[in-house]
Amino acid sequence: MRKHLILLCMMTFLSSLHINAQSFRKEIDEKPELSASNGLAYPAPSGRLTAPPTGYVPVYISHYGRHGSRYLLSGKDYLRPLQVLERADSAGVLSDKGREVMAKIRRMYAESYKRWGELTPLGAEQHRQIARRMYERFPSVFSDSVWIDAKSTVVIRCILSMENALQELLRHNPRLHIRHDASDYDMYYMNLSDKKLAQQRENEEVKKAMKDWEKRHLDHKTLMSRLFKDADYVDRNIEAERLAHDLFGLAGIVQNSEIRHSLSLYDTFTPDERYRLWQRANVWWYLHFAGAPQNGGKQPFSQRNLLRRMITEADSCLALPHPGATLRFGHETMVMPLACLLDLNGSYVQVSQVDSLEAKGWIGSRIFPMAANIQLVFYKKPKNPNADVLVKVLLNEEEATLPFSATSTPYYYKWSDFRKFYLARLDSYQEQ
């Protein structure tokens with residue numbers, strides 16, 4: 001009987017793995033743009049928020065957000081695959097599909113020329129919309145002439161994201177007082193460079209896990225056969241893995257620029273190829289920036305200074321009669337590990353078998369699209385100043401769970417519990 005129960009449990013678990021994995025595969029099949037991982041253009045939030053307990057009103061917001069949609073970071077990201085196709089075309093071995101892809105990349109290169117890594121018009125609009133929704137959802141935070149303190153990393157796409165958000169807030173309330181800055185002085189928490197953690201995420205165990213996964217799941221022969229007419233030429237001259245990844249990166253970035261209205265590269269890939277290449281990116285991000293045991297399990301602590309700063313600044317601001325908001329603008333390499341450090345929606349998972357990531361709910365596309373953001377929204381009870389301060393966390397403007405007990409109202413947590421839990425977590429970390 002015991003063996004039968006164990007077998008039944010194992011079958012149920014394996015079935016759940018299959019169902020969860022297939023569910024995101026289905027989403028990608030229906031909307032290929034979801035396969036872009038960190039290149040996904042910011043998805044519109046559902047708009048659903050749980051009402052606070054009776055008598056509570058929002059008084060302060062602490063935020064960290066990624067810059068909005070951008071072009072690829074370097075001209076070589078466009079030129080490297082383009083030149084591979086052009087050389088093959090000159091040799092007379094490029095297929096009709098290959099020439100079609102080559103023409104599309106030329107258009108993308110012309111659109112993005114000398115704008116590598118810069119914010120696109122869509123990226124600016126994303127931050128205006130996020131700021132507008134923040135104002136409309138929590139008007140009591142932005143009332144009268146409260147102060148808004150905003151900081152950005154020193155990268156121009158982040159600075160422009162910040163400025164677009166602030167301009168939108170000012171459009172709704174011209175009386176706001178705004179401080180905004182982008183300085184190396186603040187990079188110790190806005191964009192911490194931790195060399196030892198960076199070395200750990202490139203250790204041999206991580207490299208082996210990545211290589212083993214690729215060996216088991218990726219085969220680029222059919223893709224190459226659609227692009228080139230001569231298999232011998234491919235074997236002699238084409239680094240198939242590099243080209244496949246370059247082309248998939250180009251396919252994903254299209255949705256972030258104005259060329260998205262007239263061009264797509266997703267038809268270059270079969271549904272299976274799209275899914276597997278998305279999986280590869282998902283595994284890569286997990287192994288390098290999340291709580292993967294292969295990297296030592298401590299990568300989320302790269303954001304320890306940021307989280308501690310958010311806690312101390314919240315304490316300081318909450319002591320004021322009208323706290324306003326603290327807004328911060330940076331990169332996905334901060335947002336994603338911060339989400340894991342906070343364990344939002346159970347994201348601080350430790351998985352030895354990376355094939356089970358989706359079943360565990362670790363889907364990077366849902367954590368760090370372009371303009372990804374984490375908002376801590378604080379609530380007080382004006383008619384009872386001694387009542388507990390409450391906090392709710394939004395991940396990409398959707399309510400998120402924390403790894404300790406909420407109040408009787410879902411998604412609302414005591415600030416005192418939040419402080420105690422995360423300060424203990426931060427204090428437990430031993431710097432390498």
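A few comments on the model shown:
- Its relative contact order, with pairs defined as Cα atoms under 8 Å and 6+ residues apart, puts the range 167-319 at 34 percent.
- Accessible area of Leu122 in the full protein assembly, 1.4 Å probe (Å², nearest 10): 30
- Most fluctuating residue given options Ala372, Ala198, Ala131, as computed from a GNM of the chain linking Cα atoms under 10 Å: Ala198
- Between Glu239 and His172, full extension at 0.36 nm per residue minus the direct alpha carbon distance yields a gain of 18.9 nm.
- Alpha-carbon Debye profile of the range 164-258, log10 I(q)/I(0) at 0.11, 0.16 Å⁻¹: -0.71, -0.95
- q = 0.07, 0.10 Å⁻¹, the chain: log10 I(q)/I(0) [Debye, one scatterer per Cα]: -0.38, -0.76
- Extension gain for Ser408 to Arg48 (0.36 nm times residue separation, less C-alpha to C-alpha distance): 127.8 nm.
- Whole-percent carbon and sulfur share, accessible surface of the chain, 1.4 Å: 52
- By the rule of a C-alpha distance below 19 Å, with chain neighbours fewer than 8 residues away ignored, the aspartates and glutamates paired with Lys196 are Glu204, Glu205, Asp427, Glu431.
- Legend: distances between Cα atoms for Lys215/Lys360; Lys195/Lys215; Lys207/Lys392; pairs beyond 26 Å are Lys195/Lys215; Lys207/Lys392.
- Gaussian network model of the chain, Cα within-10 Å springs - most flexible of Ser264, Ser302, Ser352: Ser352
- Solvent-accessible area per residue for the chain (1.4 angstrom probe, square angstrom): 46
- Cα pair distances exceeding 19 angstrom across the range 286-387, given as percent: 50
- Full extension of the segment from Ala231 to Arg419, taken as 0.36 nm per residue of separation minus the current Cα-Cα distance, would add 61.7 nm.
- Whichever aspartates and glutamates have a C-alpha closer than 18 Å to that of Lys211, once near sequence neighbours (fewer than 8 apart) are set aside: Glu202, Asp219, Glu239, Glu241, Asp246, Glu273, Asp355
- Signed unit charges on C-beta, dipole axis of the chain, positive-most listed residue Ile159, Phe329, His177: His177
- Beta bridges per DSSP, both residues in the chain: antiparallel share near 55 percent.
- Between Tyr42, Tyr78, Tyr64, the residue with the greatest mean-square fluctuation in the GNM of the chain (Cα pairs under 10 Å linked by springs) is Tyr78.
- Mean-position separation - Cα centroids, the range 409-432 and the range 388-405, in angstrom: 12
- Each label point was placed 7 Å from the Cα along the Cα-to-Cβ direction; for Glu205 and Glu431 their separation is 2.3 nm.
- Among the listed pairs Lys76/Lys151; Lys383/Lys414; Lys97/Lys221, a Cα-Cα separation exceeding 20 Å is found for Lys76/Lys151.
- Placing dummy labels 7 Å off each Cα toward the beta-carbon, the span from Leu79 to Tyr188 is 3.9 nm.
- Over the chain, relative contact order from alpha-carbon pairs under 8 Å, at least 6 apart, %: 29
- Ligands, DNA and RNA aside, Lys221 has an accessible area near 150 Å² when probed at 1.4 Å.
- Acute angle (nearest 10 degrees) that the helix 121-137 long axis makes with the longest principal axis of the chain, alpha-carbon atoms: 30
- Kirkwood-type radius of the range 28-108, with distances r between different C-alpha atoms, in Å: 17.4
- Residues whose amide H falls under 5 Å from that of Tyr60, counting only those 5 or more places apart or on a different chain, are Phe378, with hydrogens built in the peptide plane.
The values are calculated or read from the model by the stated rules, or taken from the named source; none is laboratory data. Keep in mind it's a predicted model, so treat the numbers as computed, not measured. Positions of Cβ are generated from backbone atoms using ideal geometry, with glycine treated the same way; all protein chains shown enter the neighbour counts. All accessible areas refer to the heavy atoms of the entire protein, side chains included, with ligands and DNA or RNA removed. Shrake-Rupley method; radii C 1.70, N 1.55, O 1.52, S 1.80 Å.
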